[in-house]
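Engineer: Sending over a structure as structure tokens; questions will come in a sec.
None of the figures in this text is laboratory data; all of them are computed from the coordinates on show. The structure displayed is predicted, hence computed values, not measured ones. Neighbour counts run over all protein chains shown; Cβ positions are idealised from the backbone, glycine included.
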Amino acid sequence: MKLKRFSIGTLGLLAVSGLAWSCSGKATDCNANLDCAPYGGQLGSSGASGASGRAGANGASGTPGASGDGAVGGESNAGAGGASAPMCDGALSPDADDCVIADQYGLFVAPAADEATADGSRAHPFATVTAALASITSTIKRVYICAADYNEPDTLQIRDKVAIFGGFTCKDGDWKYDSPRPAHLLPANPIGATISDATVGVTIQDVRIDAQDAANDDTGASSFGLMIVNSENISLKGVDIRAGRGGKGKAGADGATGAEGLASGVEQNGVAGSCTNPPASTQGPKAVTKICESQGGLGGNASVGISYVAGQDGGSGYLVSPSNGGKGGDVAKKNANNGGNGDNGATGERGAAAPQVGTFSKDAYQLASGGSGGPGKPGQGGGGGGASLGTATCIGATGGAGGMGGCGGDPGTGGMGGGASVAVLSWRSTVSLDGCKLTANIGGAGGDGGRGHAGGAGKAGGTGGIPDGQNNVGKGGNGGDGGYGGNGGNGAGGSGGPSIALVYDGTMPKLSGATSLTFASVAAAAGKGGVFGPVEDAGADGTKGLTQDVYSKPQ
């Protein structure tokens with residue numbers, strides 16, 4: 001409702017006129033006789049004193065009237081025979097008093113404005129709100145928008161002390177605050193508008209802001225209609241804020257097959273027994289160089305002698321307990337024991353399940369992504385073969401070295417969570433919403449988890465040394481084979497992005513005037529966990545996106 005403005009002089013005139021009417025007869029009343037002087041006073045004779053004019057309340061006498069004219073009363077509070085110009089309260093909104101719809105109070109924005117001549121005046125309005133916000137001064141901090149659609153080039157950055165009013169019509173340059181619909185702003189960004197570090201306050205009235213959809217490029221990008229950060233006295237009235245869609249999360253990558261163990265060569269084979277000028281002892285062969293934490297055991301040592309000694313036993317594979325080395329021979333002419341085969345590696349751990357909702361901060365949403373699987377464990381190295389027992393004049397045959405185990409398979413990585421769709425984020429701010437509409441769109445789909453992969457193959461151990469030509473000593477034991485590497489763990493799927501009308505941290509915004517909060521009717525899809533190997537090793541699925549009207553950040 002617009003306020004009717006009356007000056008003090010006008011009110012005084014009405015009061016005096018009423019008194020005069022009640023105290024005078026028709027014969028002396030100018031209104032009755034239709035001979036009233038102009039607004040300044042009654043008809044006076046040449047040089048008559050100003051008293052013949054209508055005296056203002058507590059006013060001095062008027063200046064002498066010219067011949068034939070009534071005397072003009074003094075200025076305001078000095079004889080209000082002529083009414084003073086009414087004062088305009090620049091703090092009022094344009095729907096309360098149209099006196100503020102003037103160049104000295106605001107910058108004007110209208111559709112199809114001529115950008116070449118635009119200066120923000122009523123006669124030459126800006127074509128975009130972005131241009132008006134860039135032209136805010138220390139004295140003019142209002143933006144008046146004619147109701148229409150405006151394609152804004154980027155996120156609208158609204159500064160402290162700014163007021164934006166979007167309920168104008170402006171047909172033929174006649175600006176009135178009577179539009180049945182708000183000004184419609186379409187920033188070319190998934191973040192529609194921001195207000196940061198406002199200490200005095202910001203007012204937005206009768207404006208609709210539509211943020212763009214987030215990029216659907218597997219990055220899990222989010223869309224926010226309006227982000228309010230560390231600000232005080234933010235007033236939204238009749239404002240319609242709409243977020244775009246959240247972007248989908250990227251699927252996790254599948255793991256690669258683990259590397260195979262290094263093959264044994266002739267250096268890993270045992271040395272034959274001998275009765276021809278034998279050395280007192282011969283060391284068993286070494287295993288191939290360790291990789292991916294797998295290595296076979298040493299072959300057993302041979303010696304001249306008729307009694308078993310512990311050094312004849314083959315060595316254990318790396319970190320294998322109890323030992324899988326073959327036992328050395330303890331009976332003449334008997335073959336020594338082969339080394340034991342290494343166990344296959346364990347499957348890597350499954351990726352951790354994604355939470356339902358990620359984490360909001362003052363300027364972003366951290367996705368609810370699934371965890372990556374763990375690498376498969378390497379296959380164990382085979383044990384070294386034992387050495388055969390010698391004689392008093394012959395040396396036994398050494399055992400072969402154990403084979404290397406295969407490396408573990410690579411894990412699948414977790415699927416990314418989907419991006420959020422949030423109409424308004426209020427971060428440690430004081431905000432009031434009166435008769436507003438907040439609408440969140442659907443969040444982005446969560447990405448599927450990647451699949452782990454198989455471990456590499458283990459390799460055979462070296463062969464044990466052969467007996468001497470006359471079989472005076474037995475054969476050395478063969479080295480055991482290395483185990484297969486374990487499968488890589490499967491990745492977990494990402495959760496769907498949330499659809500939330502209002503997210504806040506700190507003070508809950510004040511809602512009034514039938515403010516509505518709307519979120520997506522369908523939750524964003526969850527990503528599936530990766531599947532490789534037995535079903536019980538499958539990665540965890542993500543969770544469908546949260547759909548909610550108000551969400552308070554957990555403290």
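Engineer: Place a point 7 Å from Cα of LEU186 in the direction of its Cβ. Which residues in region 155-178 have their backbone N less than 17 Å from it?
Structural biologist: 155-156
Engineer: Taking the Cβ of ASP240 as the centre, find all other residues whose Cβ is under 14 Å away and add up their charges (Lys, Arg: +1; Asp, Glu: -1).
Structural biologist: It works out to a net charge of +1.
Engineer: Taking the simple approach of a point 7 Å from Cα along Cα-to-Cβ for both ALA215 and ALA134, what is their distance in nm?
Structural biologist: With each label point 7 Å from Cα toward Cβ, the separation is 2.3 nm.
Engineer: Around GLY435, with a cut-off of 15 angstrom between Cβ atoms, what is the net charge of the other residues, counting Lys and Arg +1 and Asp and Glu -1? Before the final figure, lay out the partial values.
Structural biologist: Numbers: positive: ARG181, ARG208, LYS237, LYS437, LYS510; negative: ASP95, ASP206, ASP240, ASP434.
Summing Lys and Arg as +1 and Asp and Glu as -1 gives +1.
Engineer: So in region 190-257, what percent of DSSP beta bridges are antiparallel if you round to the nearest 5? Please report the intermediate quantities before stating the final value.
Structural biologist: Values: 1 of 13 bridges.
Around 10 percent antiparallel, to the nearest 5.
Engineer: Give LYS250/LYS290; LYS362/LYS510; LYS437/LYS510; LYS161/LYS510; LYS141/LYS237 a once-over and call out the pairs whose C-alpha atoms are over 25 Å from each other. All intermediate terms of the calculation are to be shown ahead of the outcome.
Structural biologist: Numbers: LYS250/LYS290 37 Å; LYS362/LYS510 19 Å; LYS437/LYS510 14 Å; LYS161/LYS510 20 Å; LYS141/LYS237 18 Å.
With Cα atoms farther than 25 Å apart: LYS250/LYS290.
Engineer: When the Karplus curve 6.51 cos²θ - 1.76 cosθ + 1.60 is applied with θ = phi - 60°, which whole-Hz ³J(HN,Hα) does each residue of region 399-406 get, with x for Gly and Pro?
Structural biologist: Values, residue by residue: x, x, 6, x, x, 7, x, x Hz.
Engineer: Expressed in nm to one decimal, what extension gain is obtained for the pair ALA102 and ASN277 from 0.36 nm per residue of sequence separation less their Cα-Cα distance?
Structural biologist: This chain segment gains 51.2 nm when fully extended.
Engineer: OK, next. Post the alpha-carbon centroid distance, region 416-435 to region 260-311, in whole angstrom.
Structural biologist: Cα centroid of region 416-435 versus Cα centroid of region 260-311: 71 Å apart.
Engineer: Evaluate the distance, in nm, between pseudo-label points positioned 7 Å from the Cα of GLU115 and of ALA263 along their respective Cα→Cβ axes.
Structural biologist: Using points 7 Å along Cα→Cβ, the separation is 7.0 nm.
Engineer: Go through 457-463, 270-276 and give me the packing order, highest mean Cβ count within 10 Å leading.
Structural biologist: Working: 457-463: 27.3, 270-276: 22.1.
Top to bottom by mean Cβ count within 10 Å: 457-463, 270-276.
Engineer: Once you list every other residue whose beta carbon is under 12 Å from the beta carbon of SER135, what net charge do they have if Lys and Arg are +1 and Asp and Glu are -1?
Structural biologist: Values: positive: LYS141, ARG142, ARG159; negative: ASP119.
It works out to a net charge of +2.
Engineer: May I pose another question? Taking the simple approach of a point 7 Å from Cα along Cα-to-Cβ for both ASP330 and THR169, what is their distance in nm?
Structural biologist: In this crude spin-label approximation the distance works out to 11.0 nm.
Engineer: If we sort 400-408, 427-435 on the protection proxy, mean other Cβ atoms within 10 Å, highest first, what's the order? Provide the component values of the computation, followed by the final result.
Structural biologist: Working: 400-408: 36.4, 427-435: 19.4.
Highest mean packing first, the order is 400-408, 427-435.
Engineer: Then there is this: If you count, for each residue, the other Cβ atoms within 10 Å and average over each peptide, how do 227-236, 294-303 line up from highest to lowest? Write out the running numbers ahead of the final one.
Structural biologist: Numbers: 227-236: 20.0, 294-303: 33.4.
So the peptides 227-236, 294-303, ranked by packing, come out 294-303, 227-236.
Engineer: For ASP149 and CYS88, calculate 0.36 nm times their separation in residues minus their Cα-Cα distance, and state this gained length in nm to one decimal.
Structural biologist: Details: separation 61, 0.36 × 61 = 21.96 nm, distance 3.06 nm.
Gain on extension, ASP149 to CYS88, equals 18.9 nm.
Engineer: Assuming R0 = 41 Å, can you tell me the calculated FRET efficiency for the pair ARG159 and SER521, based on Cβ-Cβ distance, to the nearest 0.05? Please report the intermediate quantities before stating the final value.
Structural biologist: Values: r = 36 Å, r/R0 = 0.88.
The pair ARG159/SER521 has a calculated efficiency of 0.70.
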